[in-house]
1. Ala20 fails exactly one of the following numbered conditions: (1) of a type outside the set (Lys, Arg); (2) surrounded by fewer than 10 Cβ atoms within 10 Å (Cβ to Cβ); (3) at pLDDT 85 or above. What is the number of that condition?
2. For the range 68-87, enumerate the residues that are within 15 Å of Ile11 (Cβ to Cβ), free of Cβ contacts under 8 Å to residues at least 40 places away in the same chain and surrounded by 13 or more Cβ atoms within 10 Å (Cβ to Cβ).
3. Kindly indicate the residue of the range 52-106 that is among the charged types (D, E, K, R) and assigned to a helix (DSSP H, G or I) and also nearest to the chain's Cα centre (by Cα) among those meeting that condition.
4. Could you list, in sequence order, all residues of the range 30-39 that are without any contact (Cβ under 8 Å) to a residue 24 or more places away in the chain, surrounded by 11 or more Cβ atoms within 10 Å (Cβ to Cβ) and of a type outside the set (Ser, Thr, Tyr)?
5. Pull up the range 26-51, narrow it to residues that are hydrophobic (A, V, I, L, M, F, W, C) and outside any helix (DSSP H, G or I), then point me to the one that is modelled with the highest pLDDT.
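The values are calculated or read from the model by the stated rules, or taken from the named source; none is laboratory data. Keep in mind that what you see is a predicted model, and the values were worked out from it rather than measured. Here the Cβ positions follow ideal geometry from the backbone for every residue, glycine too, while neighbour counts run over all protein chains shown.
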Amino acid sequence: NAILFATNGNIALSVEIGSAYALQVCLLQIPALVFFSAVFRSPGPVQKERIFPLVFPQWDMFVVIFSVFLHGYMQNEGRSNYFKGSILLLSYTVVMIGFFLSSEQD
């Protein structure tokens, strides 16, 4: 739906849909995942490793914090232009390359 609204020129509604979905994931889905992983452990001797502990690699945490600041910058004015779109595309490309290179180090 957000892409359809964006193609029709309603960028504000498109960004608001994306923000609402991200908020839903942060406040509802991730805590539910942690709760269910702690309650419904699979049987076996290594139960501690089967819990979802929310400990992430350093690159993942950097990308999450960078995304929060980028999202705040994009919504600061409440308007969009080609410059902001190019910033989003460039940052997406940098994040993709970073994930590709960080997966080779693991």
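1. (2)
2. If the condition is that a residue be within 15 Å of Ile11 (Cβ to Cβ), free of Cβ contacts under 8 Å to residues at least 40 places away in the same chain and surrounded by 13 or more Cβ atoms within 10 Å (Cβ to Cβ), then Lys84, Ile87 are the ones that fit.
3. So the residue we want is Asp60.
4. Pro31, Leu33, Val34, Phe35, Phe36, Ala38 - these are the residues of the range 30-39 that are without any contact (Cβ under 8 Å) to a residue 24 or more places away in the chain, surrounded by 11 or more Cβ atoms within 10 Å (Cβ to Cβ) and of a type outside the set (Ser, Thr, Tyr).
5. Phe40
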